[in-house]
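One structure is given here, and the rest of the page talks about it.
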Amino acid sequence: MKSFKEHCRDALDAIRNQGRYRVFTPLQKRADSFPFYRRTDGSTVLVWSANDYLAMGGHPVPVNAACEAALTMGTGAGGTRNISGTSPVHDALEAELADLHGKEAGLLFTSGFVSNQAALSTILNSFPKGPQNPWHCFSDSKNHASMIAGIKGSRAVVNIFRHNDLVHLESLLRAAPADAPKLIAFESVYSMDADIAPLAALCDLADKYGAMTYLDEVHAVGMYGPTGGGVSERDGVAHRIDIIEGTLAKAFGCHGGYITGDADVVDFIRSNAPGFIFTTSLPPMTAAAALASIRHVRQDHARRAKLFERAATLKAKLDAAGLPRIESESHIVPVHIGEAALCTEVSQRLLQEFSMYATPINYPTVPRGEERLRLTPTPLHTDAMMDDLITALLQIIPQERRAAA
């Protein structure tokens, strides 16, 4: 029998042979020159795959707020929320997030992954053990790994519905026991396919079958809607969704995750979720930066508009060049490559030959044959930068791959 070390070595060799071994690229983010980063040799790299969607990570408003809080309160929280780790800025941030989504309460977590995993598992484990009426969870097939982890970590009966397929979802809801507690879990913007869920129709099904709704707005919060409340705000359905989850680490340029919802539900999760109770609180300086960023973004309508204009411009330029762009209704712009080794090679050549960085997205993040580059233009990506990217991709992506798209 193989030892565990031998198993690890063989598994890693297999990943390498499939062309999907992940090598981290050390790049130093520069607050004063984003989206240009710096390599260890001092050269600069134009980054096309950052999740700092609104370029708020280097904006003076959150940067100054973080510096002031660090000088006042230090660098770390010094404990869990229950053990000296709650400051006035944590409370203010949770209140701001609740207001952003039109909810009664908010709750901070150390990351978006933890917020999904902890909240979903806590909700779906909430009723006493036993065969009588367990939760029935209905999860979109393309939900994020953090949602899947939370659902799998529960005692719920799990039903997977085809991506954004309302007919399939309704058939599963109809087949479930009428009196069983039900929860539908879905995202708004799906970051790999760059499509958007039909939130109003999902809420209609939830109302029809008495299901609770859980929405991940990680790739939409800060960007969509009149004040950046996400697609649920844009579509006017936030009040119909029970739990709205989001992140502080993307459009707001900071770090951390959160949920918002009914005060009693949020308090129940606060009081029972191990992923919240037994971990150190977000540093006050991080919470202060996030609070300042959210307050700024909610008023900065021009920044949000610029993001969508830049995404539309890049899509048009890719299409005009005949490059294999995957159709996208969001701000995320995927370029289809279709082979893991080639996808990795395209990314490496962009970096080595053109000083541009675009992350290769390979299996298991996307199905085999759907490998792609995931481009995320920000308000600071110019037309000239886009033209340089197009020129590079035309040289790197083989003609037959472009023709097959």
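The values are calculated or read from the model by the stated rules, or taken from the named source; none is laboratory data. Just so you know, these numbers come straight off a predicted model, no measurement behind them. Backbone-built Cβ (ideal geometry, glycine too); neighbour counts: all protein chains shown. Calculation scope for accessible area: heavy atoms of the full protein, side chains included, ligands and nucleic acids excluded. Shrake-Rupley method; radii C 1.70, N 1.55, O 1.52, S 1.80 Å.
Could you tell me which residue of the stretch 246-302 is most open to solvent (accessible area, probe 1.4 Å), considering only residues that are of a type in the set (S, T, N, Q) and over 16 Å from residue 92 (Cβ atoms)? Only one residue tops the list, namely 299.
Residue-by-condition table, conditions (1) surrounded by fewer than 23 Cβ atoms within 10 Å (Cβ to Cβ); (2) polar (S, T, N, Q); (3) part of a loop (DSSP other than H, G, I, E, B):
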residue	(1), (2), (3)
53	no, no, yes
56	no, no, yes
99	yes, no, no
107	no, no, no
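Entry remark, the stretch 139-176: residues being open to solvent by less than 30 Å² (accessible area, probe 1.4 Å), of a type in the set (D, E, K, R) and more than 26 Å from residue 269 (Cα to Cα) number 0 in total. Taking residue 185 as the residue in question, decide whether it is touching a Gly at 6+ places or on another chain (Cβ under 9 Å) and open to solvent by 40 Å² or more (accessible area, probe 1.4 Å). In short, no. Does residue 311 qualify as being in contact with a strand residue (DSSP E or B) (Cβ under 8 Å, 6 or more places away or on another chain), hydrophobic (A, V, I, L, M, F, W, C) and open to solvent by less than 40 Å² (accessible area, probe 1.4 Å)? Judged against the criteria, residue 311 is a match. A single entry from 380, 323 fulfils the requirement of being assigned to a loop (DSSP other than H, G, I, E, B), touching a Pro at 6+ places or on another chain (Cβ under 7 Å), hydrophobic (A, V, I, L, M, F, W, C) and surrounded by fewer than 20 Cβ atoms within 10 Å (Cβ to Cβ): 380. When the stretch 188-222 is filtered for residues that are open to solvent by 10 Å² or more (accessible area, probe 1.4 Å), over 20 Å from residue 113 (Cβ atoms) and outside any strand (DSSP E or B), the ones remaining, listed by number, are 198, 200, 201, 204, 205, 207, 208, 209, 210. Looking across the stretch 251-281 at every residue that is assigned to a strand (DSSP E or B) and more than 18 Å from the chain's Cα centre (by Cα), the one that is nearest to residue 378 (Cα to Cα) is identified as 261. Being part of a loop (DSSP other than H, G, I, E, B) and at pLDDT 95 or above is the filter; apply it to the stretch 330-356 and report the residue that is nearest to residue 395 (Cα to Cα). Among those residues, the one meeting the criterion is 355. Per the listing 319, 300, the residue uniquely touching a strand residue (DSSP E or B) at 6+ places or on another chain (Cβ under 9 Å) and not aliphatic (A, V, I, L, M) is 319.
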